[in-house]
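The values are calculated or read from the model by the stated rules, or taken from the named source; none is laboratory data. Just so we're clear, the structure is a prediction, and the values are computed from it rather than from any experiment. Cβ: placed from backbone, ideal geometry, glycine included. Neighbour counts: every protein chain shown. Just the protein is used for accessible areas: all its heavy atoms, side chains included, with ligands, DNA and RNA removed. Shrake-Rupley method; radii C 1.70, N 1.55, O 1.52, S 1.80 Å.
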Amino acid sequence: MKETAPAAIHLKDYAPPRWRILSVDLCFVLDPEDTRVRSRLTLARNGHGEAPLSLNGQDLVLHDIRLDDRPLQPGDYHLEGETLTLHDLPERCELSLETGIAPAANTALEGLYVSGGNFCTQCEAEGFRRITWFLDRPDVMAVYTVRIEADKARYPVLLSNGNLTDSGDLPEGRHFAVWHDPFPKPSYLFALVAGDLVCRRDGFTTRTGREVDLRIYVQRHNLDKCDHAMRSLQASMRWDEDTFGREYDLDIYMIVAVDDFNMGAMENKGLNVFNSKYVLARPDTATDDDFVAIESVIAHEYFHNWSGNRVTCRDWFQLSLKEGLTVFRDQEFTADQSLRAVKRIQDVQRLRTLQFPEDAGPMAHPVRPQSYIEINNFYTMTVYEKGAEVVRMIQTLLGREGFRRGLDLYFDRHDGQAVTTDDFVKAMEDANARDLSRFRRWYDQAGTPLLEATGEHDPRTATYRLTVRQSCLPTKGQPEKLPLHIPLVMALLDARGQEIPLRLEGEDSAVAGERTLELTAPTHVFVFQDVPELPVPSLLRGFSAPVNLRFPYTDAQLAFLMAHDTDDFNRWEAGQQFALKVLQGLIEAVQAGQPLTLDARFAQAFGQVLANGALDAALVAEALTLPGEGYLAEQMAVVDVDAIHQARQFLRQALGAALGDRFRAVYEATAGAQGMDATAMGRRRLCNLCLAYLCASGEAEAVALARTHYGSADNMTDAMGALRALLDCPGEARDQALAHFEARWRDDPLVLDKWFGLQAMDAAPGALDRVRGLMSHPGFSIRNPNRVRAVLGTFAMANPVHFHALDGSGHGLITDSVLELDALNPQIAARLVTSLSRWRRFDEERQGSMRRCLERIVAHPGLSRDVYEVASRSLD
Ligand code: LYS
């Protein structure tokens, strides 16, 4: 056990800063082993009092310190642990510091580090304190001027935030650049890049005529993979003007792609730093999903310029203020670029498979957490994705126009400030004269609410009574849950699938179409008038709230909704619920040792979707994708990974066999789609899905088809589609294709990650040895986060049968890796630990194995705060 557990930080202890930093002058003399950072801070006391100045710093060597140009002696300041304290300062002063750091030795990838021989930074949340002593908190905003000096041949490109104001040569082959950012910003938005990079340039004219120079910096050999990122940036800029009236504010916008990056990307003012995975793409190297992901991450970081940079967070508990809002904005952007319903389906799938489990496990926390040990652990699905759902519900309650009014007021009122989620909701209330006080509970209450609905039809009075009850299970520290304000979008369908005009008891006239019911109490009863026959309710349309919904639908009603619901999302959802029922039956059969049979009604409903030529291909593909193993696990009292896998594989194989001719016909009809538009992408998706169903049978003919599909693929989507399909068919075709892929893409790390990932998720026997083999492959490096995610992350998250092998070998492998990683990169190590945190959900043997692994982690000497927090919380 740790001798002294790291301390938690609490929201209730927030206090405004005692000092302000009016301006920052930085000078970097770059050297991989010993970089010198000279900083000059103009400080002013904030309010009255005598408070000392306490600066944050981590892994820094202090070489020099001066107050108003007077050198200080060790007795004049106090340096302890990660704090530098100065007492008895005047109201205003200038502090000059020289610190030494070692970027090449920085494997945590926070602060200033080296990737691919180039310098880059990552400062959110608390990386700036690894660069120099500072008030490293988001409510301290300052104007930065940054001078960079480096060897000119090795580091021809020198970048920082804002505008370039000076540059030139220095003696001994060195050069310099000076950047000035006129917008006051918190330290987490600081960035510096220096290296041997080339850039793809283009431009954008804003609606008020500002010419913006757009640049994407990459390593030379990647210059031909920037077109898509550039187009995505331009589209984002245009969309934010058109949709939310937000315009860009500097003369230059730069994006830099780096190979070693802990997260997706970072919105540093005017100088985004990106994981290269979210920049580089050519149709032959990146899948359609990659293209879409790049577009959305580029948009996300761009949208942060308003929702994050112009208006930022007061403290890190408010993280969702910028992330939830910005995810909502990027989701809307993507929906407008493609098919809205498909985007919604995918976002909901993500939420259910990744956020719902988080909300039901030991790491559960509200959208605005109340405490943390390490803030990096709170860049979560809850803060991001549930946070976006909360913003979406506000839009549903206020309507699009009302939401836009609220957002305008929020930006107007708080431009240049560091604020809270309360300020955001307040702006929404004020702009719409609405009371959202009960709604605010969404920010403070963890857990996924459950809605239980029932309907009763009375033919005598022609009324339909819809009763809806809300509840939420306790989560850690929150035994009692209060009722939330939940928008329930719904309609009633008649026997022909038409929406029945809705008139509630006490209303004068009926309104056609759907309506939004507002739930605020534990139970509501809605009595609809003039409903002559028993309707089928279509509830929670578009997934209008992040909840679990239960309604006792019969199979026949689900099949009816699958075919007729006028809401695209709910038509998909009915299919998912039907599939879930069928799969649950199969899981029980596996557990009872009974033979498995295909449900005829389900197969028929499934086949009808496949045959429905009126539907968009992308939507058909979503409808034909069975709920994932993780989602199925969530529905079980005790997770049985083997039964889940067998049941799901059986259903895929049985559907593939029963509907073989139709899958084949749709395969032929959709094959060979050209182009990168949403229609072509939808066709490729459906085509590859058909191939996967055909291959699930393992029949020689299907394997041959997959082999040809791979051989003739002229794009990465089809190549990967073939490989995925072949994963179910052990044998020569599969081995040859995998070997060919490796040989072809050995030198492209992003493509090779796909090859690593595919094999890590392979459920065939021998997975542990395969994963060990991948880890000793020359291309594997435990220091590269993308590679770790591709191999270890995929194994832990997407190969449940082997990760949870009964002998504990999978858990052991991940535990060993966590401990090895923790010494290098605590953030990535902590992410991996979450795969063990839900041990209570399993049978006794697996519980024991996972618990012992967590105990082994917590007992490890010198553990990081990051890993300690996740492992210890999982245990208590
Ligand atoms: N703010 C970044 C984003 O756009 C992520 C930063 C991660 C910091 N640990 O999501």
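Among Asp816, Asp807, Asp822, which is the only one that is out of contact with any Lys or Arg (no Cβ under 9 Å at 6 or more places or on another chain) and within 15 Å of Ser864 (Cβ to Cβ)?
Just a single option satisfies the conditions, and that option is Asp822.
Kindly establish whether Gln318 is modelled with pLDDT of 95 or more, in contact with a helix residue (DSSP H, G or I) (Cβ under 8 Å, 6 or more places away or on another chain) and surrounded by fewer than 22 Cβ atoms within 10 Å (Cβ to Cβ).
When the stated conditions are applied, Gln318 does not pass them.
What is the number of the single condition among (1) within 15 Å of the ligand (Cβ to nearest atom); (2) surrounded by fewer than 19 Cβ atoms within 10 Å (Cβ to Cβ); (3) farther than 23 Å from Gly127 by Cβ that Gln331 does not meet?
That leaves (2) as the condition not met.
Being of a type in the set (A, V, I, L, M), within 15 Å of the ligand (Cβ to nearest atom) and within 25 Å of His414 (Cβ to Cβ): is that true of Ala293 here?
Judged against the criteria, Ala293 is not a match.
Go through the residues of segment 64-78 one by one and say whether even a single one is closer than 21 Å to Ala125 by Cα and either open to solvent by 80 Å² or more (accessible area, probe 1.4 Å) or modelled with pLDDT of 95 or more (or both).
The answer is no, given that none of the residues of segment 64-78 is closer than 21 Å to Ala125 by Cα and either open to solvent by 80 Å² or more (accessible area, probe 1.4 Å) or modelled with pLDDT of 95 or more (or both).
What pairs come up if the first residue lies in segment 298-309 and is closer than 17 Å to Gly387 by Cβ, the second is part of a loop (DSSP other than H, G, I, E, B) and more than 11 Å from the ligand (Cβ to nearest atom), and their beta carbons are under 8 Å apart, counting only those six or more places apart or on different chains?
Filtered contacts from segment 298-309: Phe303/Arg246; Trp306/Arg246.
Go over the candidates Ala600, Ala647, Ala618, Ala623 one by one and state the one that is of a type in the set (Gly, Ala, Ser), out of contact with any His (no Cβ under 8 Å at 6 or more places or on another chain) and free of Cβ contacts under 8 Å to residues at least 60 places away in the same chain.
Ala600
Being out of contact with any helix residue (DSSP H, G or I) (no Cβ under 9 Å at 6 or more places or on another chain) and either of a type in the set (Lys, Arg) or open to solvent by 20 Å² or more (accessible area, probe 1.4 Å) (or both), is that true of even one residue in segment 637-658?
Of the residues in segment 637-658, the ones out of contact with any helix residue (DSSP H, G or I) (no Cβ under 9 Å at 6 or more places or on another chain) are none.
No, every residue in segment 637-658 fails to be out of contact with any helix residue (DSSP H, G or I) (no Cβ under 9 Å at 6 or more places or on another chain) and either of a type in the set (Lys, Arg) or open to solvent by 20 Å² or more (accessible area, probe 1.4 Å) (or both).
Within the group Gln349, Gln355, Gln370, Gln337, which residue is at pLDDT 95 or above, more than 16 Å from the chain's Cα centre (by Cα) and closer than 24 Å to Pro474 by Cα?
Residue meeting the stated conditions: Gln370.
Select from segment 336-351 the residues that are open to solvent by less than 10 Å² (accessible area, probe 1.4 Å) and touching a helix residue (DSSP H, G or I) at 6+ places or on another chain (Cβ under 7 Å) and write down the one among them that is nearest to the ligand (Cβ to nearest atom).
Leu351
Pairs please, first residue from segment 263-278 and open to solvent by 10 Å² or more (accessible area, probe 1.4 Å) and among the aromatic types (Phe, Trp, Tyr), second anywhere and assigned to a strand (DSSP E or B) and near the ligand (Cβ under 10 Å from one of its atoms), Cβ atoms under 7 Å, 6+ apart in sequence or on different chains.
Final answer for the pair search is Tyr278/Ala265.
Out of Ala743, Ala713, I need the residue that is surrounded by fewer than 22 Cβ atoms within 10 Å (Cβ to Cβ), aliphatic (A, V, I, L, M), within 23 Å of Leu624 (Cβ to Cβ) and more than 28 Å from the chain's Cα centre (by Cα). Which one?
Matching residue, one of Ala743, Ala713: Ala713.
How about segment 503-545: which of its residues are under 24 Å from Ile394 (Cβ atoms), in contact with an Asp or Glu (Cβ under 8 Å, 6 or more places away or on another chain) and not hydrophobic (A, V, I, L, M, F, W, C)?
Correct list: Gly513, Glu514, Ser538, Arg541, Gly542.
Which one is nearest to the ligand (Cβ to nearest atom), of the residues in segment 242-290 that are among the acidic types (Asp, Glu) and under 17 Å from His300 (Cβ atoms)?
This residue is Glu267.
Considering only segment 69-187, give the strands (runs of 3 or more DSSP E) lying wholly within it that have at least 3 residues that are aromatic (Phe, Trp, Tyr), within 16 Å of the ligand (Cβ to nearest atom) and farther than 19 Å from Arg38 by Cβ. Let's see the steps before the verdict.
Details: elements: 78-80, 83-86, 92-101, 111-115, 118-122, 141-151, 157-160, 163-170, 174-186.
Passing ranges: none, list empty.
Tell me which residues, restricted to segment 45-84, are closer than 21 Å to Pro186 by Cβ and over 38 Å from the mean Cα position of the chain (by Cα). Don't jump to the end; show me each part of the working.
Pass one, segment 45-84, residues closer than 21 Å to Pro186 by Cβ: 45-47, 51, 53-60, 82-84.
Within segment 45-84, Arg45, Gly47, Ala51 qualify.
When residues of segment 831-846 are filtered for being part of a helix (DSSP H, G or I), closer than 20 Å to Thr475 by Cα and not aliphatic (A, V, I, L, M), how many remain?
Summing the residues that are part of a helix (DSSP H, G or I), closer than 20 Å to Thr475 by Cα and not aliphatic (A, V, I, L, M) in segment 831-846 gives 5.
For segment 442-461, how many residues are under 23 Å from the mean Cα position of the chain (by Cα) and either surrounded by fewer than 16 Cβ atoms within 10 Å (Cβ to Cβ) or of a type in the set (Gly, Ala, Ser) (or both)?
3
Do you know which residues across segment 592-626 are acidic (Asp, Glu) and either outside any helix (DSSP H, G or I) or surrounded by fewer than 17 Cβ atoms within 10 Å (Cβ to Cβ) (or both)?
Residues satisfying the conditions are Asp599, Asp616.
Take the residues of segment 364-388 that are within 16 Å of the ligand (Cβ to nearest atom) and aliphatic (A, V, I, L, M): which is nearest to Phe569 (Cα to Cα)?
Ala388
Residue by residue, here is whether (1) touching a residue at least 24 places away in the same chain (Cβ under 8 Å); (2) open to solvent by 40 Å² or more (accessible area, probe 1.4 Å); (3) under 30 Å from the mean Cα position of the chain (by Cα) holds:
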{"position": "Leu86", "(1), (2), (3)": "yes, no, no"}
{"position": "Ile101", "(1), (2), (3)": "yes, no, no"}
{"position": "Asn106", "(1), (2), (3)": "yes, no, yes"}
{"position": "Arg130", "(1), (2), (3)": "yes, yes, yes"}
{"position": "Val146", "(1), (2), (3)": "yes, no, no"}
{"position": "Val157", "(1), (2), (3)": "yes, no, no"}
{"position": "Asn161", "(1), (2), (3)": "yes, no, yes"}
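Looking at Ala805, Ala790, which one is among the hydrophobic types (A, V, I, L, M, F, W, C), under 24 Å from Arg648 (Cβ atoms) and not in a helix (DSSP H, G or I)?
Ala805
Can you tell me which of (1) free of Cβ contacts under 8 Å to residues at least 60 places away in the same chain; (2) closer than 20 Å to Pro103 by Cβ; (3) aliphatic (A, V, I, L, M) is the one Ala191 doesn't meet?
(1)
Just give me the residues in segment 237-293 being more than 30 Å from Ala719 (Cβ to Cβ), of a type in the set (Phe, Trp, Tyr) and touching a strand residue (DSSP E or B) at 6+ places or on another chain (Cβ under 6 Å), in sequence order.
Tyr248, Tyr253
Within segment 560-571, does at least one residue satisfy the condition of being surrounded by 21 or more Cβ atoms within 10 Å (Cβ to Cβ) and without any contact (Cβ under 8 Å) to a residue 40 or more places away in the chain?
The answer is yes; a qualifying residue exists.
Working only within segment 452-494, note down all residues that are more than 22 Å from Glu505 (Cα to Cα) and in a strand (DSSP E or B).
Ser471, Thr475, Gln478
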